[in-house]
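Just so it is clear, none of the values below were taken in a lab; they were calculated from the coordinates. Just so it is clear, the structure is predicted and the values come from calculations on it, not from any experiment. Note that we place each Cβ from the backbone using ideal geometry, even for glycine, and neighbour counts take in every protein chain shown.
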Amino acid sequence: MMVLTKKMIEIRSILQQVGQSESLTLPAIVVIGSQSSGKSSVLEAIVGHEFLPKGSNMVTRRPIELTLVNTPESKDEYGEFPDLGLRRITDFTSIQRTLTELNMAVPDTEAISDDPIHLTVYSPNVPDLSLIDLPGYIQVVGHNQPLELKQKITDLCDKYIQPPNVILAISAADVDLANSTALRASRRVDPRGERTIGVITKMDLVDPRRGASILNDKQYPLRLGYVGVVSKAPQSQGLFKMGSMDLLSTIVKQENAFFSSHPLEFGADAGVDVGTMTLRKKLMHTLEQTMSASLASTSDAIKQELEEATYEFKVQYNDRPLSAESYLAESLDAFKHSFKQFSEAFGRPQMQELLKEELDQKVLDLLALRYWNKPIDGLAPGRPDLDSIADLPRASPDSLYWRRQLDASTSALTKLGVGRLATSVVASAIQAQIERLVAKSSFSSHPFAREAILDATSTILNERYYSTSDQVENCIKPYKFDIDMDDREWAHGREHVQTVLKKELKDCESAMSNLEASAGGRKKLKEVMAFVDKARKGDIVVEGDGRSGAGGFSAALLTRGREAVFHRDRADILKMRLMAVKSKQCASLKNKYYCPEVFLDAAASKLAATAVLFLNVELLSEFYYNFPRELDLRLGRHMSDNEIERFAKEDPKIRQHLEVIRRKELLELVLDKMESLKQLESRERERRGLV
Ligand code: GDP
């Protein structure tokens with residue numbers, strides 16, 4: 001018949017995983033007793049190991065739901081904390097340590113927590129039982145304990161001693177039964193004494209006659225009766241803790257010696273139950289009876305719960321199956337798909353455009369530095385040549401000065417580190433695009449996956465970075481000595497640089513209007529600009545360091561004035577150069593010294609086109625090949641089941657979906673097991689009937 005209990009305990013454990021409502025469980029034996037009544041000693045004698053937290057400072061602060069599983073076919077003894085994922089702990093001292101830590105984690109100010117600790121012990125020497133150990137009742141509250149502690153303990157115990165649970169009420173023989181808090185509590189919820197087993201500990205401490213009379217108590221009669229025990233553990237022997245058989249057999253021996261020396265009071269004819277072995281048998285028998293009796297109602301509750309879960313699954317999730325693995329696989333597929341789309345849309349032309357834009361900026365900087373930095377109006381006194389940009393169209397075609405300017409600018413452009421620049425521009429573009437893809441994908445709500453993807457991106461790009469920039473640098477090397485250009489390239493440069501200059505002009509104008517707004521209007525800005533112009537020409541002297549303001553303008557206003565003057569001058573030059581570029585003179589490559597803007601633009605285009613050839617092979621194709629493989633590795637094969645589960649549950653919507661499915665599956669499993677249990681039970685009954 002014991003196999004039934006085992007099955008029922010198994011069902012009980014599965015129901016624990018389902019969580020949810022409190023009615024959805026099978027009964028257990030709830031152990032209550034005052035502090036020091038010998039509660040721990042009794043439990044440890046049953047398990048055969050010292051494993052419960054010890055100490056004076058309220059060491060049991062949470063309920064311990066203890067499941068004992070008899071394993072006759074194996075010698076191994078071990079414990080497991082399923083909630084913590086701690087498996088096969090063979091050292092019971094370590095179980096004791098874990099229990100102590102879990103209990104002590106409840107802060108002193110709270111002292112008690114409702115949240116149960118689940119512990120399962122597997123051993124050939126334990127009976128199949130499910131026991132719940134609760135904090136011991138206290139008489140007085142300690143000075144660092146909350147005042148309401150007594151009440152809290154009572155409330156917690158009351159919650160557990162409700163039907164159909166069996167109550168194991170522990171009282172010490174040396175305390176008057178009328179004062180037993182455990183029995184008083186049990187009478188409140190089980191007034192007729194139908195589901196309470198009385199355990200009287202410390203039988204060795206009272207006169208045998210008195211002991212026997214306690215066990216025969218008539219004042220608090222219990223249908224399941226009282227059992228007297230002497231379960232004090234012998235002192236641990238040195239470093240070695242006893243094995244379960246040793247602890248139990250020592251206690252049993254000790255009890256036998258004690259009880260058999262008082263045959264009159266405790267002998268077979270005395271009609272009292274004594275000894276830990278008797279208690280174990282009584283517990284097994286009672287639990288089996290109680291669990292069997294609850295089977296029908298629990299199975300109804302499960303059916304109802306299952307109906308609800310099925311309904312929720314249908315209505316909210318459209319019966320859509322989902323598992324953590326399938327969710328990950330789907331998310332990964334979708335992400336790879338979006339990546340594929342990106343890779344089809346981002347190739348050589350797009351890279352070239354990006355790089356050209358970057359080089360356009362560099363060209364503008366070079367032009368500003370070498371050409372546009374001279375005052376427009378007239379020659380500086382004493383200068384022999386026409387070297388202001390305004391004079392350029394009129395300069396001699398053989399002017400050494402303007403030739404040198406263009407050669408130096410071209411050289412600066414080709415030597416600015418195009419290899420690194422091009423590689424960085426493309427790498428950052430890829431990185432930014434991947435970030436965008438992640439943000440739009442279902443990975444956006446998964447920090448772990450997000451990190452893994454971004455890390456994969458930068459790892460691949462970094463690995464290729466130096467070799468790519470070297471290769472690009474190498475391939476543009478010839479341009480450092482000579483740039484060979486044809487008419488078509490010139491024409492294209494002439495066309496394109498106009499767009500660049502116009503955009504630059506627009507930027508200047510919008511910077512001007514921003515300054516106007518922040519300076520308090522166009523008029524005000526004009527005033528301060530006039531002041532700056534005068535100061536620049538040396539007509540007036542600006543005193544101080546310029547930070548404190550001058551000419552009745554604040555320092556901040558003067559700064560804006562200077563900026564505005566800069567933009568105005570730059571806009572003037574830009575307009576002038578736009579005219580020049582459009583002029584007939586700049587239509588021909590022959591006049592390249594007159595038209596540095598066109599030449600540098602065409603040169604930059606050649607650099608970009610060449611660089612892109614190598615970027616494509618060295619960086620982009622490599623990335624497109626390696627990235628999906630790296631994703632598979634990091635988000636597929638390298639993740640453990642637990643990681644995949646944790647990953648999927650990071651998304652609350654997915655977590656709920658998975659929870660419903662899990663609950664449904666567990667309930668179906670339990671119901672299945674219950675059905676076969678019922679069959680087993682009726683067959684057993686038939687067999688008994690036949691015997
Ligand atoms: P708990 O606080 O209810 O868990 O009580 P313990 O099991 O820790 O026991 C309290 C004290 O009583 C300990 O010092 C035990 O050694 C002692 N004790 C427990 N059972 C017996 C017993 O049957 N006989 C004697 N003499 N002492 C016992």
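From the phi angles alone, apply the Karplus equation (6.51, -1.76, 1.60; θ = phi - 60°) to region 639-656 and give each ³J(HN,Hα) in whole Hz, x where the residue is Gly or Pro.
Karplus values, whole Hz, x for Gly and Pro: 9, 7, 4, 4, 5, 5, 4, 4, 4, 4, 7, 4, 8, x, 5, 5, 4, 4.
Between residue 323 and residue 396, what's the calculated FRET efficiency when r is the beta-carbon distance and R0 is 56 Å? Round to 0.05.
Values: r = 81 Å, r/R0 = 1.45.
Once rounded, the FRET efficiency stands at 0.10.
Can you give the helix-only mean residue ellipticity at 222 nm for the chain, where every DSSP H stretch with n ≥ 4 adds -39500 (n - 2.57) and the sum goes over all residues, rounded to the nearest 500 deg cm²/dmol? Walk me through the numbers before you get to the answer.
Values: 21 runs with 400 residues, N = 691.
Roughly -20000 deg cm²/dmol at 222 nm, from the helical runs in the chain.
List 122, 594, 311 from most exposed to least, where exposure is judged by having the fewest other Cβ atoms within 10 Å. Could the numbers behind the result be given before it?
Values: 122 18, 594 22, 311 11.
With the sparsest Cβ surroundings first, the list reads 311, 122, 594.
As a quick test, which of the pairs 39/282; 502/590; 159/678; 440/503 have an alpha carbon distance above 22 angstrom in this structure? Walk me through the numbers on the way to the answer.
On the way: 39/282 17 Å; 502/590 24 Å; 159/678 29 Å; 440/503 32 Å.
Pairs exceeding the cut-off: 502/590; 159/678; 440/503.
Based on the alpha-carbon gyration tensor of region 132-186 and its eigenvalue square roots a ≥ b ≥ c, which shape applies: rounded if a/c is under 1.5, prolate if not and a/b is larger than b/c, or oblate?
Values: a/c = 2.39, a/b = 1.20, b/c = 1.99.
Because a/c hits 1.5 or more and a/b fails to exceed b/c, region 132-186 counts as oblate.
Which Cys residues of the chain have no other Cys Cβ less than 4.7 Å away and so no disulfide-compatible partner by this rule?
Isolated Cys, the chain: 157, 475, 508.
Distance in nm between label sites at residue 57 and residue 633, each 7 Å beyond Cα in the beta-carbon direction?
Reported label-point gap for residue 57 and residue 633 is 4.9 nm.
Residue by residue, what Karplus-based ³J(HN,Hα) values in Hz, rounded to whole numbers, does region 343-360 have, using 6.51, -1.76 and 1.60 with θ = phi - 60° and x for Gly and Pro?
Each residue's phi maps through the Karplus curve to give 5, 6, 9, 10, x, 4, x, 5, 5, 4, 4, 4, 5, 5, 4, 5, 5, 3 Hz.
For residue 682 and residue 459 in one chain, what is 0.36 nm times their gap in residues minus the Cα-Cα distance, to one decimal in nm?
Working: separation 223, 0.36 × 223 = 80.28 nm, distance 6.50 nm.
Full-extension gain reported as 73.8 nm.
What spacing in nm lies between the two simple spin-label points modelled at residue 285 and residue 210, each 7 Å away from Cα in the Cβ direction?
That separation, rounded to one decimal, is 3.0 nm.
Let a ≥ b ≥ c be the square roots of the eigenvalues of the Cα gyration tensor of region 600-691; is it rounded (a/c under 1.5), or, if not, prolate (a/b larger than b/c) or oblate? The partial results should precede the final answer.
Numbers: a/c = 8.50, a/b = 4.62, b/c = 1.84.
It comes out prolate by the Cα gyration axes.
Take residue 109 and residue 310, extend 7 Å from each Cα along the Cα→Cβ direction, and tell me the distance between the two endpoints in nm.
4.9
Using the alpha-carbon atoms, what tilt in degrees (0 to 90, nearest 10) does helix 621-632 show relative to the longest principal axis of the chain?
Tilt relative to the chain: about 10 degrees.
Rg (Å, one decimal) plus Dmax (Å, integer) for the alpha carbons of region 122-251?
My reading of the Cα-based Rg and Dmax gives 16.8, 47 Å.
Name the long-range amide H neighbours of residue 30: under 5 Å, sequence gap of 5 or more, or other chain; modelled H, no Pro or chain starts.
The answer is 132, 166, 167, 168.
Report, in degrees rounded to the nearest 10, the 0 to 90 angle that the Cα long axis of helix 522-537 makes with the longest principal axis of the chain.
60
Quick check: Cα centre of region 155-175 to Cα centre of region 617-663, how many Å?
Between the Cα centre of region 155-175 and that of region 617-663, the gap is 49 Å.
Could you tell me whether the chain comes out rounded, prolate or oblate from its Cα gyration tensor? Rule is a ≥ b ≥ c as square roots of the eigenvalues, rounded for a/c under 1.5, then prolate if a/b exceeds b/c, otherwise oblate. Write down the numbers at each step before the final one.
On the way: a/c = 4.10, a/b = 2.99, b/c = 1.37.
Note, shape of the chain comes out prolate.
Using a Förster distance of 45 angstrom, determine the FRET efficiency expected from the C-beta separation of residue 671 and residue 101, and round it to 0.05.
Numbers: r = 37 Å, r/R0 = 0.82.
After rounding, the FRET efficiency stands at 0.75.
At 0.36 nm per residue, minus the direct Cα-Cα distance, what do residue 269 and residue 14 gain on full extension? Give it in nm, one decimal, please. Could the numbers behind the result be given before it?
On the way: separation 255, 0.36 × 255 = 91.80 nm, distance 4.37 nm.
Fully extending the segment from residue 269 to residue 14 adds 87.4 nm.
Report the extension gain between residue 345 and residue 36 in nm, rounded to one decimal, defined as 0.36 nm multiplied by the number of residues separating them, less their alpha carbon distance. List each step's numbers first, then the result.
Values: separation 309, 0.36 × 309 = 111.24 nm, distance 7.62 nm.
Going from the current span to full extension adds 103.6 nm.
Between residue 653 and residue 451, what's the calculated FRET efficiency when r is the beta-carbon distance and R0 is 25 Å? Round to 0.05. Show your work: numbers first, answer last.
Numbers: r = 21 Å, r/R0 = 0.83.
Efficiency, from the Cβ-Cβ distance: 0.75.
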